[in-house]
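For reference, the structure I am asking about is given below.
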């Protein structure tokens with residue numbers, strides 16, 4: 001069904017029309033049609049917001065017309081979320097005005113924002129997991145008959161909206177049972193169930209598979225064609241080019257660029273605007289020189305949380321000095337595979353060995369601690385849950401895998417001096433942006449948390465480095481940094497297994513690509529021969545594609 | 001029927017229990033009625049306590065102070081009735097003292113964001129302190145709350161004498177379970193309450209005042225704890241003793257969990273425990289088995305634990321229970 005051949009990589013050489021300062025227009029918030037025939041829906045002028053001494057938004061001005069898709073592009077911590085939270089009434093600006101359809105009065109709370117035609121799809125879905133779709137849809141504006149909830153009416157409403165916007169959902173399904181992409185559909189429908197003129201989407205594609213992302217971008221375009229304006233936050237450049245009409249680039253809380261015509265823009269133009277310098281999106285790496293086999297997985301079976309087979313006869317070898325990318329649509333056993341290899345989930349069959357010849361260690365039944373000691377570094381998919389201990393200092397987080405070994409401990413006494421100097425060194429080396437190494441790791445931004453994880457795992461010089469979604473929710477600058485580090489680990493002789501839902505990431509890093517579908521490897525291709533479309537088809541389970 | 005299909009296990013179990021109860025009734029009516037009456041007599045405060053827990057935890061607030069709230073209710077009801085020699089004043093005092101204790105928990109935890117476990121412990125300690133310090137021996141109330149027959153319903157064999165010829169609070173406990181069930185699952189208030197207890201930020205973005213709803217719910221639930229206490233000192237007995245709630249508030253929390261945070265199931269769990277207790281005392285009285293009394297007294301706890309743990313399977317607490325809500329997080 002899904003067309004995976006879409007390739008929005010623009011090839012036009014024309015330079016982007018960017019402005020170094022804010023937008024050039026100026027008015028007092030009244031609805032004007034002077035700039036064009038389109039009605040101005042949202043107009044923000046001189047908006048500033050600070051938290052203590054941190055300026056989250058600095059003198060931001062922007063405009064959104066009816067029926068237009070506007071992208072807000074920026075790194076993590078650039079102030080995008082803060083900006084839209086103010087539009088939705090979750091925060092109040094310190095100064096400046098937000099005018100909706102010419103009405104510049106203060107937006108008191110989300111209720112007020114909803115009343116004025118603003119809908120928002122949050123990055124973390126605002127759905128009650130144990131309730132049905134219909135119940136979630138009616139929450140906050142319930143209709144009752146005789147004092148009791150009109151659930152039939154809500155179901156009917158879901159069906160109608162779902163048909164109207166071609167977003168299929170079952171009104172009686174419980175939200176927690178739905179895949180992430182469907183949950184997002186529910187969020188969008190929830191927003192649309194009130195009369196919405198402006199729909200704000202906060203990082204809508206962060207959790208979606210490539211197919212779901214394509215679908216979402218299609219939905220956005222249809223909504224815009226129907227007259228709904230859309231503001232979407234992203235740090236994925238391809239999406240901006242694929243869906244947006246116009247784009248504002250934010251950096252350190254300020255608008256640093258505005259692109260009114262995206263047709264002549266390339267991803268690298270946007271990227272350099274976003275980080276303020278040129279970014280290498282293609283990773284520069286030398287030819288791989290694979291050595292002996294490090295990881296050898298044979299016929300591995302792993303069950304998921306419900307006891308169903310998730311990994312089903314998985315075979316793979318990873319050699320020293322090569323990066324093997326595991327491409328696949330999420331939910332095809334990647335998570336269970338990585339957890340099993342890392343010793344976090346028992347396997348139900350097959351063997352896992354590390355090393356070759358006389359040096360072989362059997363990891364099949366090894367727990368996380370032994371696996372780690374055998375030389376496996378693991379950058380887990382869920383860094384909040386498995387990567388860091390949020391309440392502990394950066395220094396402690398950096399020795400989680402070796403806290404009980406010299407030099408970080410002598411006997412059973414920890415050596416805090418060694419822990420600290422180790423942390424200071426790694427903070428410098430891995431560019432972890434924090435006031436010092438004693439602040440809680442949980443207080444860092446996503447990108448910096450991930451750098452802590454990567455620094456910890458790499459500094460142990462693992463024989464095998466497993467990186468699961470290493471750059472998910474991470475800003476462009478950090479992505480570039482983490483990618484470079486992964487290549488460096490390879491060049492230092494480590495075997496690297498990269499698992500990612502980002503096909504771009506797989507394509508740019510891997511020396512060899514294995515495609516996983518239904519819990520087993522369905523194809524292996526060399527990195528340099530990889531064809532995007534073909535891999536996309538293999539990921540979708542189309543075995544004829546090869 | 002979709003409803004029947006979804007609840008077939010429960011409906012089936014209930015039918016089975018009912019049949020068994022009537023078989024028992026036709027074999028020996030006197031013992032059956034006495035045992036089931038005793039079971040319900042013991043279950044009433046547990047049911048009311050569990051409802052306090054249902055409302056609180058469904059809103060996202062753990063209440064381990066039910067024990068203390070009950071004790072204060074029992075104390076206030078009895079001594080207000082003794083001082084005024086009016087049982088009506090006693091009942092009102094019991095309910096209002098519960099409200100005050102509920103409001104205390106609500107304002108400290110929801111507004112003040114005090115740790116909910118600590119707040120509950122504080123309530124229990126304060127309750128023991130106050131009720132011991134101001135305790136006066138020798139006071140009496142004119143009479144306990146009278147039993148009465150509900151027209152028609154009390155004529156049903158077995159069910160009538162067990163459930164429909166008790167005191168007013170026992171009847172209230174039975175009715176309130178069904179009322180709370182309907183409120184929680186069929187009304188706007190219930191939908192919002194569940195949302196607030198499961199995922200408050202979703203409720204917040206939908207324009208619901210999370211803080212206000214939690215304050216109101218936890219405060220009002222306190223009334224039920226006060227009424228449960230009133231039952232102890234004015235309906236089950238006509239006296240007040242130090243520490244007379246004797247762990248019923250904690251037991252109610254266990255009932256709440258066995259009941260999977262659902263009113264009807266909590267009622268079933270409380271009845272089961274009551275019946276096991278009644279069985280234990282029957283065994284003791286009849287002298288049929290030669291087991292030390294202490295072990296027989298242990299029986300209802302152990303059996304309830306085993307049977308209900310097996311029957312309840314994996315239950316899950318409301319998602320946001322125990323977490324204070326901070327706007328804009």
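Within the bounds of segment B:100-121, is there any residue that is closer than 21 Å to residue B:239 by Cα and surrounded by 21 or more Cβ atoms within 10 Å (Cβ to Cβ)? Before you say what the answer is, go through the steps one by one.
Taking segment B:100-121 first, the residues closer than 21 Å to residue B:239 by Cα are none.
Checked segment B:100-121: no residue is closer than 21 Å to residue B:239 by Cα and surrounded by 21 or more Cβ atoms within 10 Å (Cβ to Cβ).
If you don't mind, there's one more thing I want to ask. Could you please let me know if residue B:211 is under 27 Å from residue A:91 (Cβ atoms), more than 10 Å from chain A (Cβ to nearest Cβ) and touching a helix residue (DSSP H, G or I) at 6+ places or on another chain (Cβ under 8 Å)?
On the way: under 27 Å from residue A:91 (Cβ atoms): yes; more than 10 Å from chain A (Cβ to nearest Cβ): yes; touching a helix residue (DSSP H, G or I) at 6+ places or on another chain (Cβ under 8 Å): yes.
Yes: the conditions hold for residue B:211.
Is it fair to say residue A:72 is away from every other protein chain (no Cβ under 13 Å) and closer than 27 Å to residue A:239 by Cβ? Give the derivation first.
Values: away from every other protein chain (no Cβ under 13 Å): yes; closer than 27 Å to residue A:239 by Cβ: yes.
Considered against the rule, which asks whether it is away from every other protein chain (no Cβ under 13 Å) and closer than 27 Å to residue A:239 by Cβ, residue A:72 comes out as yes.
Got a sec? Which of B:160, B:226 is away from every other protein chain (no Cβ under 11 Å) and either free of Cβ contacts under 8 Å to residues at least 40 places away in the same chain or in a loop (DSSP other than H, G, I, E, B) (or both)?
On the way: B:226 fails: either free of Cβ contacts under 8 Å to residues at least 40 places away in the same chain or in a loop (DSSP other than H, G, I, E, B) (or both).
Exactly one of B:160, B:226 is away from every other protein chain (no Cβ under 11 Å) and either free of Cβ contacts under 8 Å to residues at least 40 places away in the same chain or in a loop (DSSP other than H, G, I, E, B) (or both), namely B:160.
Give, as residue ranges, the helices (runs of 4 or more DSSP H) completely inside segment B:44-148 that count at least 3 residues that are under 17 Å from the mean Cα position of the chain (by Cα). Explain how you work it out, then say what you get.
On the way: elements: B:66-84, B:87-106, B:116-133.
Of the helices (runs of 4 or more DSSP H) lying wholly inside segment B:44-148, those with at least 3 residues that are under 17 Å from the mean Cα position of the chain (by Cα) span B:66-84, B:87-106.
Out of (1) under 28 Å from residue B:303 (Cα atoms); (2) within 14 Å of another protein chain (Cβ to nearest Cβ); (3) part of a helix (DSSP H, G or I), the odd one out for residue B:260 is which?
Residue B:260 satisfies all of (1) under 28 Å from residue B:303 (Cα atoms); (2) within 14 Å of another protein chain (Cβ to nearest Cβ); (3) part of a helix (DSSP H, G or I) except (3).
How many residues does segment A:131-167 contain that are within 11 Å of chain B (Cβ to nearest Cβ) and closer than 17 Å to residue A:178 by Cα?
Selection size over segment A:131-167: 6.
Does residue A:188 satisfy the criteria of being in a helix (DSSP H, G or I) and touching a strand residue (DSSP E or B) at 6+ places or on another chain (Cβ under 8 Å)? Don't jump to the end; show me each part of the working.
Working: in a helix (DSSP H, G or I): yes; touching a strand residue (DSSP E or B) at 6+ places or on another chain (Cβ under 8 Å): yes.
Here the answer is yes, as residue A:188 does meet what is asked.
Do we have residue A:325 as part of a strand (DSSP E or B), out of contact with any helix residue (DSSP H, G or I) (no Cβ under 9 Å at 6 or more places or on another chain) and either within 18 Å of residue A:521 (Cβ to Cβ) or not assigned by TED's automatic domain parsing to the domain that holds residue A:498 (or both) here? Even if it seems obvious, please write down each step before you answer.
Values: part of a strand (DSSP E or B): yes; out of contact with any helix residue (DSSP H, G or I) (no Cβ under 9 Å at 6 or more places or on another chain): no; either within 18 Å of residue A:521 (Cβ to Cβ) or not assigned by TED's automatic domain parsing to the domain that holds residue A:498 (or both): yes.
It is false that residue A:325 is part of a strand (DSSP E or B), out of contact with any helix residue (DSSP H, G or I) (no Cβ under 9 Å at 6 or more places or on another chain) and either within 18 Å of residue A:521 (Cβ to Cβ) or not assigned by TED's automatic domain parsing to the domain that holds residue A:498 (or both).
Going by the conditions given, is residue B:199 buried (at least 24 other Cβ atoms within 10 Å of the Cβ) and within 14 Å of chain A (Cβ to nearest Cβ)?
Yes.
Another question, if that's okay. Among the residues of segment A:383-402, write down those that are more than 25 Å from residue A:294 (Cβ to Cβ) and without any contact (Cβ under 8 Å) to a residue 60 or more places away in the chain. Break it down stepwise before answering.
Of segment A:383-402, the ones more than 25 Å from residue A:294 (Cβ to Cβ) are A:384-385, A:388-397.
Answer for segment A:383-402, where residues must be more than 25 Å from residue A:294 (Cβ to Cβ) and without any contact (Cβ under 8 Å) to a residue 60 or more places away in the chain: A:385, A:389, A:390, A:391, A:392, A:393, A:394, A:395, A:396, A:397.
OK, next. For the list (1) closer than 24 Å to residue B:316 by Cα; (2) at pLDDT below 90; (3) assigned to a helix (DSSP H, G or I), I need the number of the one condition that residue A:124 fails.
So the condition that residue A:124 fails would be (3).
Right, something else. Can you say whether residue B:255 is more than 14 Å from chain A (Cβ to nearest Cβ), part of a helix (DSSP H, G or I) and within 28 Å of residue B:19 (Cβ to Cβ), as far as the supplied structure shows? Working first, answer last.
Values: more than 14 Å from chain A (Cβ to nearest Cβ): yes; part of a helix (DSSP H, G or I): yes; within 28 Å of residue B:19 (Cβ to Cβ): yes.
So residue B:255 passes the test.
Take residue B:191 and decide whether it is surrounded by 19 or more Cβ atoms within 10 Å (Cβ to Cβ) and either within 11 Å of another protein chain (Cβ to nearest Cβ) or farther than 28 Å from residue B:270 by Cα (or both).
Numbers: surrounded by 19 or more Cβ atoms within 10 Å (Cβ to Cβ): yes; either within 11 Å of another protein chain (Cβ to nearest Cβ) or farther than 28 Å from residue B:270 by Cα (or both): yes.
Considered against the rule, which asks whether it is surrounded by 19 or more Cβ atoms within 10 Å (Cβ to Cβ) and either within 11 Å of another protein chain (Cβ to nearest Cβ) or farther than 28 Å from residue B:270 by Cα (or both), residue B:191 comes out as yes.
I've got another one for you. From the residues in segment B:175-184 that are buried (at least 17 other Cβ atoms within 10 Å of the Cβ) and more than 14 Å from every other protein chain (Cβ to nearest Cβ), which one is farthest from residue B:47 (Cα to Cα)?
Filtering segment B:175-184 for residues buried (at least 17 other Cβ atoms within 10 Å of the Cβ) gives B:176-177, B:180-181, B:183-184.
Subsequent filtering for residues that are more than 14 Å from every other protein chain (Cβ to nearest Cβ) retains B:176-177, B:180.
Details: B:176: 9, B:177: 8, B:180: 12 Å.
Here the answer is B:180.
Sticking with this one: All but one of (1) in contact (Cβ under 8 Å) with a residue 40 or more places away in the chain; (2) over 29 Å from residue A:41 (Cα atoms); (3) buried (at least 16 other Cβ atoms within 10 Å of the Cβ) hold for residue A:172, so report the exception by its number.
It fails just one condition, (3).
Can you name the condition, by its number, that residue A:111 falls short on among (1) closer than 16 Å to residue A:188 by Cβ; (2) facing chain B (nearest Cβ under 7 Å); (3) in a helix (DSSP H, G or I)?
(1)
The values are calculated or read from the model by the stated rules, or taken from the named source; none is laboratory data. Small disclaimer: the values here were computed from a predicted structure and weren't measured. Glycine gets a Cβ as well: all are built from the backbone with ideal geometry, and neighbour counts include every protein chain shown.
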